[in-house]
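Here the structure comes first, spelled out in structure tokens, and everything after it is commentary.
The values are calculated or read from the model by the stated rules, or taken from the named source; none is laboratory data. These numbers come from a predicted model, not from an experiment. Cβ placement follows ideal geometry from the backbone for every residue including glycine, while neighbour counts extend to all protein chains displayed. Quick note on the areas: whole protein, heavy atoms, side chains included, nothing else; ligands and nucleic acids left out. Shrake-Rupley method; radii C 1.70, N 1.55, O 1.52, S 1.80 Å.
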Amino acid sequence: MVIELSIFTALRKNPVDRLKPGDLREEELKLKSRINRLRKEIDRIERDKKLKFQEGVGSDLIRKKMLIQELKQLDMEAKLKVKNFMALHRQFMFVSNLLIIKKYERDLRKTEVWKKIQNISPDDFEGALIRVNLSGKGFEGIIDDLNQIFFMDVAESGADLDETEKQLIEAWSSVETGSVNIEDAECLLSIEKNLEKSLEEDN
């Protein structure tokens, strides 16, 4: 994990014109592979939680208490994996959008957007690119999106992501305590499906 993060840090701190498309593509593939692996692990934990929950139906109180402890352990594991999943997804969006900017670099250099890219701080640039999806858009669409995010308040960047994490954790907590069953909780976990859809759109 340290190796991948150091590569990502190097990417985000370099000026755009110094980045090599080959390095970006390699990092994008690594991130995509890790995201897919984490998604499978999260799905496995969800299946395990469903089985544990079903096992508790009709069980005596002692068995239910044992299952609650097991569900809590699975829940803790899931929370860590979801947190990692979301962090990797943000990195993936950043790298994917950087690749698209590199693809149009020659044309972008002729616009005011390029001056903004050159002058924006690395942290603000990263935050801006995480909030946009440039995949599948033409040059004019890319210009419009970049102009929009560069003039947005950077402080807004983490709000949606924090809310997403909160919803996932609350859904798992509801299942863990038995206040709702697995089937009812699945609609609360739809954010994972939204992330999956956005990853597929980046293919």
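Residue count for region 43-74 under the criterion of being open to solvent by less than 60 Å² (accessible area, probe 1.4 Å) and touching a Gly at 6+ places or on another chain (Cβ under 7 Å): the result is 1.
Residues that are surrounded by 13 or more Cβ atoms within 10 Å (Cβ to Cβ), modelled with pLDDT of 85 or more, under 21 Å from the mean Cα position of the chain (by Cα) and assigned to a helix (DSSP H, G or I): does region 166-182 have at least one? No: zero hits. Among residues of region 131-144 that are over 11 Å from ILE101 (Cα atoms), those with a Cβ under 7 angstrom from a residue that is among the hydrophobic types (A, V, I, L, M, F, W, C) and open to solvent by less than 30 Å² (accessible area, probe 1.4 Å), sequence gap 6+ or separate chain, pair up as ARG131/ILE149; VAL132/ILE149; ASN133/MET93.
Could you say whether any residue in region 104-117 is of a type in the set (A, V, I, L, M) and open to solvent by 20 Å² or more (accessible area, probe 1.4 Å)? No, region 104-117 has no match at all. Do the conditions hold for LEU129, that is, is it at pLDDT 80 or above and surrounded by 14 or more Cβ atoms within 10 Å (Cβ to Cβ)? It is true that LEU129 is at pLDDT 80 or above and surrounded by 14 or more Cβ atoms within 10 Å (Cβ to Cβ). Comparison of LYS79, LYS83, LYS65, LYS72 shows that the only residue that is assigned to a helix (DSSP H, G or I), in the same structural domain as VAL132 (by the TED database), touching a Phe, Trp or Tyr at 6+ places or on another chain (Cβ under 9 Å) and of a type in the set (Lys, Arg) is LYS79.
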